[in-house]
Each structure stands twice: as structure tokens, then as C-alpha cells.
Amino acid sequence: MEPGVGVASRRVSRRDFMKLMAASGIAMTFAPFVEWGRYLPNPSGNEAAGKTKIVLASGVTANISSFPVDHAEVVIYPKTNDPVLNKEAFRTWQLIRLPKEMGGSKNDATAFRLYSMVCLHLWCLWRYYPRRPDADDPTKIVGGNGACPCHASTYDVFTGKAYGGPAALQAPPANVLPRLELEADPAGDLWILPPSWNVRGNGIVGYGRYL
Ligand code: FES
């Protein structure tokens, strides 16, 4: 082995380990809330059988017929009655309706993704950028991806996997965003299914998920 390689990988492992410990602590903080939430006063009055109807910041329910293709909005989950808690980064998710090239015009829940907005590198909040002509070369289409403003990590919104920047250099599962599963009811309203907060399930916020 080259002299510096082992040291570097040990350094990365130690950093990942610390992130996992911190992220796991937060996940453990949230996990009881999710379970006990069934017995707590319902903040939005819209939960049924452990599922949570998605209400956007505007107060409108996310619905397949009204949510635009190639568009994203912030969703808070799990939501509480405390507006301060609701501002925590670890409750902040990006609801994306995929571009039509990725299946976003389908009239079912497969057209959508809901990912943690906490970047897997150093926990800034990334966001979705719709497809658009490039400012320098309008014949070229850019966007249709997630990007972090801090160190330019980029995310494939079809899978949640980082493909550019420092997050893409991290070993699995620290290179794939946590994702919540969705379903649509007969009226087209979108619901979040009960999550499993581990790397082989929905992932650990701030740490990652196995694809
Ligand atoms: S925190 Fe997102 S790229 Fe560094």
C-alpha cells in the first residue's frame, strides 16, 4: 500500500464515523416522534394509518393534478406544532416532480421523489434546479438535478445518488440521499409512507442510504 493512502482512508473513515454517530443520534431523536406521533395531537389533522398527507408551505395539499412537472417544493417532515422545530434542517425535504424525460408526466406517485435536503458532504441544504437552456449556450439544456451551494455536490434526482462534487467521492451509503416513499390516493393527493430510519431502508438523514 502507498504510504499516504492508508492514512487518508483512515481519516475519511473517522470523519464518516463521526457523521454517522451524529446523524444516528438525530435519527434516534426523530424515530420515537414518528412512532409516538400517532398518539400525539395531530399537528395537521391529516394522518391515517401512519401515513402523512403532504401539505406544502402554501397550505395546499400536494396533488398530482396541480403539482407542475419539473418542479420542487420544500416539505417539513416530521412536522410538529412548534414552528422553531419545524425549521430544523433535518426535517427539511425536497419534493420533486421529475422532468418529463425522467417520467415526471406520469399521473402517479412514481413521477415524484422526496429526498432529505441535508447534503451528504457537510450538511448544507441542497436544492433542485429545473431543466432550462444554458445561459451561455441556449442550445444546451442544463438542470434537472440537485445541487449544493456550499461545495458544488450534485445529485441525480431519479435515484438520489451524488454524481459530482465531494459527496460523490464518499463511499456508499454516504453518497445517496435518504428518501421517503410516496403513494397517491384516489383523489391524487400525495402521502408519505411510514419510514424506516436505517441505511438499508429510507436512510439516515445527514448520513445516507444504500441504493
Ligand atoms: S455541504 Fe454540500 S457540497 Fe459540501
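The values are calculated or read from the model by the stated rules, or taken from the named source; none is laboratory data. Only a predicted model underlies this, so the values are computations on that prediction, with no experimental measurement involved. In case anyone asks, the SASA skips ligands and DNA or RNA and just uses the protein heavy atoms, side chains included. Shrake-Rupley method; radii C 1.70, N 1.55, O 1.52, S 1.80 Å.
Would you list which lysines come within 24 Å of K51, measuring only between C-alpha atoms, while excluding same-chain residues fewer than 8 positions from it? Hits, sequence-local ones excluded: K79, K87, K106.
For K53, the aspartates and glutamates whose Cα comes closer than 17 Å to its Cα, not counting residues fewer than 8 places off in the same chain, are E35, E73, D108, E181, E183, D185, D189.
Counting only heavy atoms of the protein chains and using a 1.4 Å probe, F158 has close to 100 Å² of accessible surface.
Sequence-ordered 3J(HN,Hα) estimates for segment 112-128 from the Karplus curve with 6.51, -1.76 and 1.60 and θ = phi - 60° stand at 10, 9, 10, 10, 4, 8, 6, 4, 6, 7, 10, 6, 5, 9, 7, 8, 8 Hz, glycine and proline given as x. What does the accessible area of V176 come to, in Å² to the nearest 10, when a probe of 1.4 Å is used? Accessible surface of V176 is approximately 10 Å².
Counting only C-alpha contacts under 8 Å and six or more residues apart, can you give the relative contact order of segment 149-211 as a whole percent?
Working: 112 pairs, mean separation 16.8, N = 63.
Worked out over segment 149-211, it gives 27 percent.
An oblate overall shape is assigned to segment 100-211, the ratio a/c of its alpha-carbon gyration tensor axes (a ≥ b ≥ c) being 1.5 or greater and a/b not exceeding b/c. So what does the Cα-only Debye profile of segment 59-152 read at q = 0.23, 0.25 Å⁻¹, as log10 I(q)/I(0), no solvent term? Reported log10 I(q)/I(0), two decimals: -1.19, -1.25.
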